[in-house]
Amino acid sequence: MSRTTNSQPVVRCREVTRTYRGAGGGRLFDRFRDADERPTTTALEDVSLSVTRGEVVGVEGPSGSGKSTLLHLLAALDVPTRGTVSVCGADTAALSGRERTRLRLEDVGIVFQRFHLFPSLSARANVALPLVERGVSKRERREQAERLLDRVGLGDRVTHTPRRLSGGEQQRVAVARALITEPSLLVADEPTGELDTATGDRVLSLFTEAAAEETAVVLASHDRDALDVADRVITLRDGGRVDG
Ligand code: ADP
Ligand code: MG
């Protein structure tokens, strides 16, 4: 259920276009052309979207439709070619790289399809990692990580390394890591793409729980069924919104 008491969106993109230059050309080909003449790929075109606290927004579309490009822009991992993306009121393109890193650390949690856990670290150490940057004491990091692992149903797995966890368990560790900084925005790119339906559903319920705690959640999937947990779904085709 969406709560819209705070009308200021957590993330807003306005008429956002992202093009990549140089696709289709080899190095030899490039040498004979001006940088400006190289062919471009338009990954995302003129997309506008706002997400408020407590909302789960799904992003649906076939492979290559621009879902990851959009999510990377929302998460301030990338900046648009045209248009603006603001996260918690900050125009991401106006920030320095260092400021964008800080914005991500403070306000954004990110979950990828393939978990991206550190193989040599325990579940607890993986979850606690964002707190190291923040200068939180080791004892406090452990406590918070254990509390969060408990919440995602892995209280009895805190010392396991990723290799000893199933795919669904690894993804729940990744979600716990994304949530440990209590981000305003949680972005998940095909988070159930590697999981079976039952395991995936368990991961998806973590996103609705995060939204119930006032996080803005954006969830991409090429599978419309995985987006049943979303309050609303936008659809991309060839980089543009086609959901009207
Ligand atoms: P999706 O996540 O929906 O599969 P993407 O956002 O990954 O779509 O890709 C959208 C389009 O942009 C595709 O045509 C893809 O090939 C292209 N694209 C994505 N990233 C790059 C890149 N770094 N360089 C060139 N083209 C890219
Ligand atoms: Mg993708």
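The values are calculated or read from the model by the stated rules, or taken from the named source; none is laboratory data. None of these values were measured; they are calculated from a predicted model. Here the Cβ is made from the backbone with ideal geometry for all residues, glycine too, and neighbour counts use every protein chain on show. Just so you know, the surface numbers come from the protein's heavy atoms only, side chains and all, with ligands and any DNA or RNA stripped out. Shrake-Rupley method; radii C 1.70, N 1.55, O 1.52, S 1.80 Å.
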To the nearest whole percent, what portion of all C-alpha pairs in the chain is separated by more than 28 angstrom? 34
Carbon and sulfur together cover what percent of the accessible area of the stretch 9-243 at a 1.4 Å probe radius? 43
For a protection proxy built on the mean count of beta-carbon atoms within 10 angstrom, sort 211-218, 118-125 highest first, please. 211-218, 118-125
If packing is taken as the average count of other Cβ atoms within 10 Å, what order do 174-180, 61-67 fall into, highest mean first? 174-180, 61-67
Tilt, helix 123-133 to longest principal axis of the chain (alpha-carbon atoms), in degrees rounded to tens, equals 60
So what are the ³J(HN,Hα) numbers for the stretch 108-122, from phi and the Karplus equation (6.51, -1.76, 1.60; θ = phi - 60°), rounded to whole Hz, Gly and Pro as x? 10, x, 10, 10, 9, 4, 9, 6, 6, 8, 7, x, 8, 9, 5
The stretch 9-243, relative contact order [Cα under 8 Å, separation at least 6], %: 30
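Quick check on the chain: helices-only [θ] at 222 nm, where DSSP H runs of length 4 and up contribute -39,500 (n - 2.57) each and the sum goes over total residues. Nearest 500, please.
Rounded to the nearest 500, it is -9500 deg cm²/dmol.
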Where the only charges are on Cβ atoms (+1 Lys, Arg; -1 Asp, Glu), what is the dipole of the chain about its Cα centre, to the nearest 20 debye? 860
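Keeping all protein chains in place, calculate the accessible area per residue for the stretch 9-243 (probe 1.4 angstrom), answer in Å².
Numbers: 11440 Å² over 235 residues.
Roughly 49 Å² per residue, with all protein chains present.
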Taking amide hydrogens as modeled 1.01 Å from N in the peptide plane, which residues meet the under 5 Å criterion relative to Thr81, leaving out close sequence neighbours? Thr17, Arg18, Thr19
Looking at Ser122, Gly83, Gln170, which one has the Cα that reaches farthest to the positive end of the dipole of the stretch 9-243 (charges on Cβ: Lys, Arg +1; Asp, Glu -1)? Ser122
To the nearest 10 degrees, the tilt of helix 167-179 (Cα long axis) against the first principal axis of the alpha carbons of the chain is 80
